[in-house]
Each structure stands twice: as C-alpha cells, then as structure tokens.
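Here's the structure we're looking at; comments come further down.
The values are calculated or read from the model by the stated rules, or taken from the named source; none is laboratory data. No experiment lies behind these values; they were computed from the predicted model shown. Heads up, the Cβs are rebuilt from the backbone with ideal geometry, glycines too, and the neighbour counts pull from every protein chain shown. All accessible areas refer to the heavy atoms of the entire protein, side chains included, with ligands and DNA or RNA removed. Shrake-Rupley method; radii C 1.70, N 1.55, O 1.52, S 1.80 Å.
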Amino acid sequence: MAEIGHGGKEIKERILAPAEAKKKIHGLTQIPISRQLANEVIGISYGFFSPLEGFMNKADVDAVVRHMHLDDGTIWPIPILFDLSDEDIAKYGVERGLTVVLTYQGNPMALFEINDVFEYDKKAMCKSIFGTDEKKHPGCKRIYDTADKFVGGKITLVNEPVINDPFGPYFLPPLKMRAAIKSKGWSRTVAHQTRNVPHTGHEWLMKGAFFQTYADLPIEKPEVGVVVNAIIGEKRVKDYIDEAIILCQDELEKAGYFGPHNHITTLTFWDMRYAGPKEAIFHAILRTNLGITHHMYGRDHAGVGDYYGAYEAHHLLDSVRDKLDITPVYSMNWLYCPVCAEITSEGLCNHKDKQQKFSGTLIRSIVTDGVKPPRLIIRPEVFDKIMECAEKYGQGSPFVTEEYLEKRTPVFNIYPL
Ligand SMILES: [Zn+2]
C-alpha cells in the first residue's frame, strides 16, 4: 500500500542498489559536499522532505520565499538549498543538464541531476523566513554564509550512510517509522520535537500532549504513542551532546516513566534554522512524512533570542491548519510548584508567586556541578545517564565543547562504494 506523505504525495525512497549505483556513477564528475549538505541529502533521499525529490530550483525557492509554498502550491516554509561558489561552478563545469556525483568524506554519496543554477537575494530570503535580515540571527547567518550561487536538481542516494553507535537504532526514516508505528498498533501518535536532555518539565509536556491526543478516544484502549524525534545536526558549544540527548530521552522509557507501549525515541538529521513559526510548519511536514498524526508545540517553538512571540508559532499553524496533514497539539509552559509539591502547568494551580520555571541555566549549573538534583526536577536515572554520556562521549562534559567537536565520532559515515 502506498505511504502518503506531505502534500498528499506518495513517499518514495530515492536510493539505488549498490550494483546499479556503481554503474550509474561511473565516469561522472565528483563534487565533495559539507556535512550540512550531506544531512540534507539524507533528508531528501529517505523521504523526510517529501514531496521534494532534490534541492530546490529557483521557481520553488521563489514561491517559498514569497508565498510559503512550492511552485506547485504545496505549503513549504524553508528553502532547501545547495550552494556552490562561482569558482567551483567553473571548476566542475556545473550547468543545467549535467549529472554529477556528490561525495562525502571522500566517498560517493548521491547522484545530482542539475536542472538549475541561479542567484537569489539573500536578504529577501532571510526577511521572509526569519522575519529579520539581521546577521546575528543564526538562521540568517547560515544563509548569508552560503556561496555565490544555488544549484537545483534531483538527488538519488547511491550509498547509504552508516549510522554510528549509539545512534543506529534510533534512525527510523519515514517508511521504517511508519512500519514501527503499525507494529506498535498505535492509531494516533504525537511528535515531540527536541534538542534537549529531558527534565520533568519536558516529561510533562509529553504526558500532557499524550492526554490531549487521546482525549476523545475510548479510555480502555487509547493506542497513542509519543514519538520523541530528536533533531541531530549542527552543534553549538554549550548545547547538550547528541549522545546524551538521544540516550537520556530513551532513558525515560527504559526507567519506566513511559513504556514501549506508548513511547519511542527516534532522530532526524536537520540543522535547526531557529525560524520559529516557519520552522514549526517545517517540523509539521517532517513528522507528517514520518507518519505521525499529531505534533506538540510548546512555548516559542524553534525560536531564538526574542525574535518571535511566545505563541506566534501556534497562530501561524492555526492559519494553515487546512493545508497540513497533522494536528497541532498546543501546550503552555510546565513549571514546578513547591506548594503543590509537583509539576504544574501555567495557569493550572493558583500559586503564581511560588511557581518555579525550569530554567535552562539553573539545570545546566546543577548538571555541571554533578550533584544529583531532586527527582522532581530531573529523574535520577536520566541524571545518571547524563553523567555516563559525559564520560563516554563528551570528554567529561555533557555539553558540547571545542574538544568534543574535534574528537567525537561522526554520527554517520559514508564508506567506499
Ligand atoms: Zn501549586
């Protein structure tokens, strides 16, 4: 049976078998790509970005920038770009009609059938996606840092990435994810977007969304699964290390705060653009393609600094509900209340002056000190896992350091074909 993804299109993996791949790449020009582009190649070829079949041509980029949809009218908020310098365009003879092999780590990764080479006004692009063209916005910076030209065209994977430990079991691309959901027997699933090690505020965000998702289902058979979908991509110093994010999210299930009957931890390769409301829509598309029916959105989803209002993403999502095939589940902030002696939601109990926010800075300092925090803040099993990951993967720190970036095992490798 066809698996239908975003925009009502069938999800198809764009991957060649090794024997055919070897034949197809023979004698073609090879262009090495960055980790950023390799991530996007994975997103395209496994169907995470369905209905995209490749990097965007100018017509699609222009439609996305001006109208938040692809050239064919399918809603789409963020351009998927392949950039190349004028120097490289000349060096590799890049032009419309040429097919090249993209290589990563020195080995062939994908076929790229070039159908467009173009320039685009980066300032206008930033303004549209991020609502600002300031260079200090990390998403704008990424666009300003792209090379002279963009190249559009279809991508076909010729060599599947090998996902390294401990990430392998968590890589469930759309078709695998959909099979996993079927085998779990879930009629509804709710996605949790994360780049964090979970504290109890996050745990309750998930539990709250779980209740909201099954609210109108028969109580004795909820058949609802929480799908933690961690974003693995560009790391910044002081972020949690990827290994801690994925293993600590899974620890919530292993330690029984959830169970395999209602919870699964997975990952998607994506570099956060911090596009707030527009990224919220992109996340909806990703998770639609993963076969997920509901998506939780908390405060300031995918935001950065004070560029976006706390619930701006909710408003934009509401305005395009009929164009999305996933149901947004909105959540307020979860807090700790010392009077209730438990986790509470903004506006739920009336101890307003006593409630304590989960401050990232406070939690960071607790974790850095290595003193086990109260179990109502971070579950003890999660805390132990953070410390284990710090030793095993982070040279003693659960947070990204320059040393970690230099010495870490890559999340995936491309080996000789
Ligand atoms: Zn209270």
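The simple spin-label model puts a point 7 Å past each Cα toward its Cβ; for GLU113 and ASP306 those points are separated by 5.0 nm. Once you mark the trypsin sites (Lys or Arg not before Pro) that are in a DSSP loop and have at most 11 other Cβ atoms within 10 Å, what is the longest gap between them in the chain? The segment 1-135 is the longest one with no such site. Per-residue ellipticity at 222 nm from helix content only, as computed over the chain with -39500 (n - 2.57) for each DSSP H run of at least four residues, stands at -10000 deg cm²/dmol.
State the percentage of accessible surface on the chain attributable to carbon and sulfur atoms; use a 1.4 Å probe and exclude ligands, DNA and RNA. Show your work: numbers first, answer last.
Numbers: 9070 of 17950 Å².
For the chain, the apolar C and S fraction of the accessible surface comes to 51 percent.
With both residues required to sit in the chain, DSSP beta bridges show an antiparallel share near 55%.
Averaging the sequence gap over all C-alpha pairs within less than 8 Å and six or more residues apart, then dividing by the number of residues, gives the chain a relative contact order of 18 percent. The gain in end-to-end length when the LYS122 to GLU134 segment is fully stretched comes to 3.2 nm, 0.36 nm per residue minus the alpha carbon separation. As a length-normalised measure over Cα pairs under 8 Å and 6 or more apart, the relative contact order of segment 119-205 settles at 16 percent.
Beta-bridge orientation, segment 250-356: approximately 55 percent antiparallel, per DSSP, counting only bridges with both partners inside. Bridge orientation summary for segment 287-417: considering DSSP beta bridges with both residues in this region, about 60 percent are antiparallel. Of LYS182/LYS207; LYS207/LYS278; LYS176/LYS385; LYS221/LYS352, which ones are farther than 31 Å apart at the Cα? Those over the limit are LYS221/LYS352.
Per-residue extension of 0.36 nm, minus the Cα-Cα distance of ASN413 and ASP322, leaves a gain of 28.8 nm for this segment. On full extension, the segment bounded by ARG96 and LYS58 gains 12.4 nm, given 0.36 nm per residue less the C-alpha separation. Between ALA284, ALA390, ALA255, the GNM of the chain built on Cα springs shorter than 10 angstrom shows ALA255 fluctuating the most.
For the chain, modelled as a GNM whose springs connect Cα atoms under 10 angstrom apart, the maximal fluctuation among VAL41, VAL320, VAL94 occurs at VAL320.
Counting only heavy atoms of the protein chains and using a 1.4 Å probe, ILE4 has close to 90 Å² of accessible surface.
Excluding ligands, DNA and RNA, the accessible surface per residue across the chain is 43 Å² with a 1.4 Å probe.
Listed cross-link partners LYS184/LYS323; LYS58/LYS123; LYS23/LYS91; LYS91/LYS123 are compared with a 19 Å cut-off, the Cα-Cα value being larger for LYS184/LYS323; LYS23/LYS91; LYS91/LYS123.
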